[in-house]
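Here's the structure, in structure tokens; my notes come after.
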Amino acid sequence: MEITRRGFVKATFCAACGAAVFPFDLVWAEKRFSATDPHVKEAYFYEQLTDDRVKCGTCPHKCVVMPGNCGRCRTKVNIDGKLYTISYANPCVVHVDPVEKKPLQHFYPGTKAFSLAVAGCNFYCLNCQNWEISQTSPDMTRNYNLSPDEVVLMATGYGCKSIAYTYSEATTFYEYMVDIATRAKKTGIKNVWVSNAYISQAALGRLCDVIDAASVNLKSFSDKIYWDLNGGHLEPVLETFKTLHRRGIWMEIINLVIPTYTDDMEMIKRMCGWILNNLGPEYPLHFSRFQPQYKLIHLPPTPVEVLQEAKDVALRVGLHYVYVGNVPGLGNEVLCPNCKRVVVKRRGYTLVWNHVDKGRCKFCGTRISGRWEG
């Protein structure tokens, strides 16, 4: 069996900001190929069933895929009774970002992250800000042709401390991510997983062998809201957090506060209590401001005072590091939980100063959670 896809071209990169630049207007050329195509790779986690059906094991959806069909993420395809990813070495976004943009406040401040994405997602978030690439498939986007070795080489060339798998849902290009991360780890480059955390425990276990940090979304603390807003369930996400904690992966938790969906302070209090009891007080929690996007354009932006109230709730529960995101001028300072001095200051995504020395506050010596130089 063959599937129809589009051609790929090389891109150049801006020396100033690292953005990928196409050297000419793309003209899509339809081509047909088999499982031997370089952008197709057999999936790492799946089960073969009867009648050439396959059951994907990458995420909790556990899609059963008929021959010639794809799973819910649009990136896993059944070809002749085997499951293949069609999101391999074909990123649609490539950029060099400040690591703070992921967002990560406690992970090597001021360093650069080589960021990439392949189209697709296993959620259908009504508020998605990157829906043009998340709610489609890799054959419907403009793509670069970058092998895992080329990604690592480019990250090294741009002086990036880390590679970030971001913008779309990184779990849906799992095989590509794992292969890049395995190569990057051997060269000393860190790996950052930016995710909705909706992944099977088997796939997560292998991923934890090669990643160093995770910027993970806890979209709600209600299973019903998770299903209505995002198309997933809460419990597998919570299991992901517990596994990351157990495996010693640095993580920062993002909670998007959406009016009428996730702005209930009692629910936020329960969420913060779960974090404290199951993960401890040391992982940063980011309350991010919602802006009208995609299918929720009828809702207003989150009032800043609601974000501040959520932050106050989290601090009262006992979390040490709580931030407000997507609000210019807020959320860019890391405070020592003991002396309350500013130990990391930023202006936007730009680092102004870093007073964390070998993981400790320079003023009082208290340990500051995170990953730091020195």
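Here are some notes:
- Here residue 294 fits the description: assigned by TED's automatic domain parsing to the domain that holds residue 244 and on the phi > 0 side of the Ramachandran plot.
- From the options 180, 163, residue that is under 13 Å from the mean Cα position of the chain (by Cα) and under 24 Å from residue 371 (Cβ atoms): 163
- Residues being in contact with an Asp or Glu (Cβ under 7 Å, 6 or more places away or on another chain) and charged (D, E, K, R) - total across the range 342-364: 2
- Residue check for residue 260: in the same structural domain as residue 128 (by TED's automatic domain parsing), on the phi > 0 side of the Ramachandran plot and not small (Gly, Ala, Ser): yes
- On inspection, residue 282 passes the criterion of being closer than 22 Å to residue 214 by Cβ and in the same structural domain as residue 127 (by TED's automatic domain parsing).
- The listed residues are 93, 54, 65, and the only one of them that is closer than 30 Å to residue 344 by Cβ and in contact with a Leu (Cβ under 7 Å, 6 or more places away or on another chain) turns out to be 93.
- Test: residue in the range 41-56 that is closer than 25 Å to residue 94 by Cα, modelled with pLDDT under 90, among the charged types (D, E, K, R) and not assigned by TED's automatic domain parsing to the domain that holds residue 236: no
- Identity of the residue in the range 128-139, within 17 Å of the chain's Cα centre (by Cα) and not in a loop (DSSP other than H, G, I, E, B), that ends up surrounded by the fewest Cβ atoms within 10 Å (Cβ to Cβ): 132
- Residue match in the range 140-149 (condition: out of contact with any strand residue (DSSP E or B) (no Cβ under 9 Å at 6 or more places or on another chain), charged (D, E, K, R), surrounded by fewer than 23 Cβ atoms within 10 Å (Cβ to Cβ) and modelled with pLDDT of 95 or more): yes
- Screening the candidates 68, 120, 110 for the property of being touching a residue at least 12 places away in the same chain (Cβ under 8 Å), closer than 30 Å to residue 285 by Cβ and surrounded by fewer than 18 Cβ atoms within 10 Å (Cβ to Cβ) yields one hit, 110.
- Qualifying residue in the range 235-251 (condition: closer than 14 Å to residue 278 by Cα, assigned to a strand (DSSP E or B) and in the same structural domain as residue 128 (by TED's automatic domain parsing)): yes
- Of the residues making up the range 303-322, those that are buried (at least 17 other Cβ atoms within 10 Å of the Cβ) and under 18 Å from residue 221 (Cα atoms) number 9.
- Any hit, the range 346-354, residues being assigned by TED's automatic domain parsing to the domain that holds residue 113, in contact with a helix residue (DSSP H, G or I) (Cβ under 8 Å, 6 or more places away or on another chain) and in contact (Cβ under 8 Å) with a residue 60 or more places away in the chain: no
- If you check 104, 83 for being within 30 Å of residue 351 (Cα to Cα), touching an Asp or Glu at 6+ places or on another chain (Cβ under 9 Å) and at pLDDT 95 or above, only one passes: 104.
- Hits in the range 77-92 (condition: hydrophobic (A, V, I, L, M, F, W, C) and either closer than 14 Å to residue 176 by Cα or free of Cβ contacts under 8 Å to residues at least 60 places away in the same chain (or both)): 83, 86, 89, 92
- Residue in the range 160-167 that is among the charged types (D, E, K, R) and in a helix (DSSP H, G or I) present: no
- Filter pass, residue 302 being touching a residue at least 24 places away in the same chain (Cβ under 8 Å) and on the phi > 0 side of the Ramachandran plot: no
The values are calculated or read from the model by the stated rules, or taken from the named source; none is laboratory data. Quantities reported herein were computed from a predicted structural model and do not represent experimental measurements. Backbone-built Cβ (ideal geometry, glycine too); neighbour counts: all protein chains shown.
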